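See below for the structure under consideration.
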Amino acid sequence: MSATVTYTPVSHDGMKCEVRSPMGRKLELSGTLETIEPELTGDEAMMRNAALVHNAWAFAKHEKQFRRFKLAEKKKSHRAQADAHEKTAAGIAELIDALTDTTRDGWCSGCFTFSPHRKVRTSGIEVPAYLCETCGSPTLRCASPRCAHMARRSFGSLRVPRFCAEHRHELPSFERAGEQVDSLEDYEKLRVFDSRNLSRVSRIAMAGAAAAGVVATGGFLAAPAVGGAIGALAGYSGAAAASYGLALLGGGAVAAGGFGMVGGTYVVAALGAALGTALGASVTNAYLSEDKSFKIEKFSDGDGIPVIVARGFMTEKNPNWGPAIKVIQDRYPDSPIFLLRWGSKELSALRAMVLRNVGARQLVEGAVGAAAKASRVAAKKLAPVAPALLAADLAKNPWHSAMVRADRTGVALAGILARTRVESYVLVGHSLGARAMITAAETLATSKGAPSIQTMHLLGGAEGRKQDWRPLNDAVTDVVHNYYSENDAVLKYAFALAQGGSIAIGLRGFSG
């Protein structure tokens, strides 16, 4: 007999979810789509397992949204996510039935804490199983010989090697996850890993199993770094932090076990609370592993406040940083200057698409900042770009992809800055680089003890102006300088098309 997970609508926004284990243990959750922490009743062993609660509630929310939406793409997305969370909740419920009194202590790759892990009775053909006492995630001992850490465990009898967060290079090491460096130029030391990356071995084993026709019997949702980081922002810690964060993510578009919603602005600005911890290190490493072009280069020395410069999609391949550097050196003559390279793939795709339809000369004129003088002819030529910018599949929308990468870059930069022993920085960003800098500043502002942002300079910022700017105001100790031009054809037409008519701060300013 298997565990069951059932959904019951209660009102327009309300619902209940019931989880029954094979032995009859019960967990009932109730609330609305806006509820972060649902009301719980049932067996104590079920209620105190955070991963079970998160998955069951995420299933209920996605099931609710699946039934409400008529648009096929949205229904398909919510159906897939509801199914993934349902399988995970059922799997955890079955493991709870077989819990023993035997425990082993070890670092958990789900919540990145040193925790007791309670052993589960398994048959001879099943993979050994534990449940983390902190986050409730299914775990097992890392497959690397002599490693005592705990890896995340999937369900079923398929014996695919599972490695801990250290051996998957999600963290430099559990113990060193919160270490700091003296200067930004030493940031690469934060990515020196203590253990060999064995995750490729796991992927090879999985590929072999798939070729042999073996199908895994389920997925898992542990307590990923994102959930814990968001929870920490609200003042929670440990299991409570993961509970809050994962429940919040369960109402969004994150699929089981992934970083699907990371990059969305409402999530990334909440990550700062955990930037100096293992949770933050995991998030930063996830971003840097995705973007091989990310690099911080020291351009010049100085004893003043460090200045970091990030450029946008029309200038990222231009080796001539001269004009921008000269302005910065004139304003900050004593400061060391760092150049941030990022998002080469996404920025190149966006650049190529726009250039094909507009032309290099007009767009360079329209994207260089406050002095831009784009022609109306260039604006009219943007019309052929509209289908790509309005694509229903956001993965095919180059503006969307580039903006998500900018958000992720901002979080990655914030994660690095938070681990430097530097008091404050000055951030300079152009176009989508300005968006990355806004995200970095707002993320840092949520992290206690992190460096402050003294001043920001935003040039032609590709960020919608209709939003709450209080977080940015609170993040910068001195002033935010926003340079804009109403002649910027890229922001006036391409950005507006991609963002449903949104007006960019680089076109009209913050207000007015």
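The values are calculated or read from the model by the stated rules, or taken from the named source; none is laboratory data. Please read all numbers here as calculations on a predicted model, not as lab measurements. Cβ placement follows ideal geometry from the backbone for every residue including glycine, while neighbour counts extend to all protein chains displayed. Side chains are part of the model used for accessible areas, which takes the heavy atoms of the whole protein and leaves out ligands, DNA and RNA. Shrake-Rupley method; radii C 1.70, N 1.55, O 1.52, S 1.80 Å.
Odds and ends about this structure:
- Of residues in the stretch 34-48 being in contact with a strand residue (DSSP E or B) (Cβ under 9 Å, 6 or more places away or on another chain) and assigned to a loop (DSSP other than H, G, I, E, B), the one least open to solvent (accessible area, probe 1.4 Å): 38
- Within the stretch 106-126, being in a loop (DSSP other than H, G, I, E, B), of a type in the set (A, V, I, L, M, F, W, C) and under 24 Å from residue 172 (Cβ atoms) holds for 111, 112.
- Meets criteria (within 22 Å of the chain's Cα centre (by Cα), more than 17 Å from residue 137 (Cβ to Cβ) and modelled with pLDDT of 85 or more) for residue 74: no
- Residues located in the stretch 132-166, provided they are in contact (Cβ under 8 Å) with a residue 60 or more places away in the chain and touching a Pro at 6+ places or on another chain (Cβ under 6 Å): 153
- Residues of the stretch 470-496 that are of a type in the set (Phe, Trp, Tyr) and touching an Asp or Glu at 6+ places or on another chain (Cβ under 9 Å): 495 alone.
- Test: residue in the stretch 127-149 that is in contact with an Asp or Glu (Cβ under 8 Å, 6 or more places away or on another chain) and either surrounded by fewer than 17 Cβ atoms within 10 Å (Cβ to Cβ) or in a strand (DSSP E or B) (or both): no
- Residues of the stretch 495-505 include at least one that is part of a loop (DSSP other than H, G, I, E, B), aliphatic (A, V, I, L, M) and surrounded by fewer than 19 Cβ atoms within 10 Å (Cβ to Cβ).
- Residue within the stretch 2-14 that is in a strand (DSSP E or B) and buried (at least 19 other Cβ atoms within 10 Å of the Cβ) present: yes
- Matching helices (runs of 4 or more DSSP H) fully within the stretch 250-367 where at least 2 residues are within 30 Å of residue 166 (Cβ to Cβ) and modelled with pLDDT of 70 or more: 278-290, 344-358
- Of the residues making up the stretch 59-79, those that are out of contact with any Asp or Glu (no Cβ under 9 Å at 6 or more places or on another chain), in contact (Cβ under 8 Å) with a residue 40 or more places away in the chain and open to solvent by less than 60 Å² (accessible area, probe 1.4 Å) number 3.
- The single condition among (1) buried (at least 24 other Cβ atoms within 10 Å of the Cβ); (2) under 23 Å from the mean Cα position of the chain (by Cα); (3) of a type in the set (A, V, I, L, M) that residue 84 does not meet is (1).
- Subset of the stretch 19-33 (residues that are in contact (Cβ under 8 Å) with a residue 24 or more places away in the chain and open to solvent by 60 Å² or more (accessible area, probe 1.4 Å)): 20, 23, 25
- Of the residues making up the stretch 96-107, those that are farther than 21 Å from residue 2 by Cβ and free of Cβ contacts under 8 Å to residues at least 60 places away in the same chain are 101, 102, 103, 104, 105, 106.
- Those residues of the stretch 95-121 which are open to solvent by 30 Å² or more (accessible area, probe 1.4 Å) and touching a Pro at 6+ places or on another chain (Cβ under 6 Å), in sequence order: 103, 105
- Inclusion of residue 51 among residues that are of a type in the set (A, V, I, L, M, F, W, C) and open to solvent by less than 10 Å² (accessible area, probe 1.4 Å) is warranted.
- Any hit, the stretch 440-447, residues being touching a Ser or Thr at 6+ places or on another chain (Cβ under 7 Å), surrounded by fewer than 24 Cβ atoms within 10 Å (Cβ to Cβ), in a loop (DSSP other than H, G, I, E, B) and not hydrophobic (A, V, I, L, M, F, W, C): no
- Selection within the stretch 36-58 - free of Cβ contacts under 8 Å to residues at least 60 places away in the same chain and within 23 Å of the chain's Cα centre (by Cα): 56
- Of the residues making up the stretch 465-484, just one is modelled with pLDDT of 85 or more, farther than 17 Å from residue 424 by Cβ and not aromatic (Phe, Trp, Tyr), namely 482.
- Subset of the stretch 150-173 [in contact with an Asp or Glu (Cβ under 9 Å, 6 or more places away or on another chain) and open to solvent by 10 Å² or more (accessible area, probe 1.4 Å)]: 155, 156, 157, 166
- Pick from the stretch 449-474, criterion under 20 Å from the mean Cα position of the chain (by Cα) and more than 20 Å from residue 494 (Cα to Cα), ranking: surrounded by the fewest Cβ atoms within 10 Å (Cβ to Cβ): 471
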